[in-house]
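So the structure is just underneath, and the comments pick up after that.
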Amino acid sequence: MTPIEWPVRTERLSLRGYLPDDLDALWSYEQLSEVQRWLGWAPHSPADLREAMEGESSTTTHVMVLLGTTNIGHIMIMPRDSWAQADVADRAKGLEAELGWMFDPAYAGNGYATEAVGAVIGLCFDQLKVRRIHAGCFADNTPSWRLMERLGMRREEHSRATALHRDGTWHDGLMYALLREEWPVAPNPLTEVDDAVVASVPRGRPGWSP
């Protein structure tokens with residue numbers, strides 16, 4: 001993936017790549033039950049999280065969301081090849097990105113998640129030159145799908161009882177997407193306050209290691 005020019009600044013936040021020193025801050029909120037509830041793969045220890053963040057085989061770009069000097073969120077950009085017929089598959093490589101995110105619940109409800117994810121969508125289109133981004137969530141993760149709709153993402157799929165949760169119940173799933181030509185969109189993320197957005201990565205962390 002094309003290197004991103006860090007930092008990326010919004011009105012209130014600063015975004016940059018992951019550094020090993022970020023691990024403690026990430027673990028402090030990624031271990032919380034209200035965050036792990038929505039994760040397809042949830043780390044059980046700091047060592048699990050470190051392996052996922054620093055695995056050499058990973059193609060995921062990890063974006064740290066800072067409020068001042070405080071890490072309040074983590075957004076993942078996972079490169080994807082667009083679907084293509086076999087004889088033109090070489091022209092579809094790396095043209096999509098899947099997004100996922102986790103935010104510290106202590107900072108929920110202030111619009112930070114909308115502001116940060118919106119900035120990441122922008123850099124996906126402007127710097128990484130992908131043609132399409134997509135993201136999914138459990139259907140009952142209302143704050144995350146509302147965030148996607150605030151940012152102009154289009155609901156493309158509502159799958160019924162397709163995801164087995166670790167609590168033993170089957171959940172519906174939602175998939176949202178946006179094309180480069182559909183961005184930017186009208187909503188102002190600072191005028192529409194987040195619900196308590198904490199996470200959106202329902203079916204594992206593709207591109208992560210392990």
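The values are calculated or read from the model by the stated rules, or taken from the named source; none is laboratory data. This is a predicted model, so every value here is computed, not measured. Cβ placement follows ideal geometry from the backbone for every residue including glycine, while neighbour counts extend to all protein chains displayed. Side chains included, ligands, DNA and RNA excluded: accessible areas come from the protein's heavy atoms. Shrake-Rupley method; radii C 1.70, N 1.55, O 1.52, S 1.80 Å.
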Taking 8 Å as the Cα distance limit and 6 or more residues as the minimum spacing, I'd like the relative contact order of the range 87-157 as a percentage. 38
With charges set only on the Cβ (+1 for Lys and Arg, -1 for Asp and Glu), what does the dipole of the chain come to about its Cα centre, in debye to the nearest 20? 400
What is the set of long-range amide H partners of Trp101 at a cut-off below 5 Å, with H atoms built 1.01 Å from backbone N? Met76, Ser200, Val201
Highest GNM mean-square fluctuation among Ala196, Ala116, Ala106, for the chain with Cα springs under 10 Å, belongs to Ala106
On a full-extension model of 0.36 nm per residue, what is the gain between Ala92 and Glu182, subtracting their alpha-carbon distance, rounded to one decimal in nm? 30.5 nm
In whole percent, how big is the carbon plus sulfur part of the accessible area of the range 1-141, probe 1.4 Å, protein atoms only? 47
Compute the accessible area per residue over the chain, keeping the other protein chains in place, probe 1.4 Å, unit Å². 47
Roughly how far apart, in whole Å, are the Cα centres of the range 59-84 and the range 1-23? 9
Suppose each label sits 7 Å from its Cα in the direction of the beta carbon; what would the Thr169-Asp21 distance come out to in nanometres? 4.3
With x for Gly and Pro, the residue-by-residue ³J(HN,Hα) of the range 63-78, computed from phi through the Karplus equation 6.51 cos²θ - 1.76 cosθ + 1.60 at θ = phi - 60° and given in whole Hz, is 10, 8, 10, 10, 10, x, 9, 9, 6, 10, x, 9, 10, 10, 10, 10
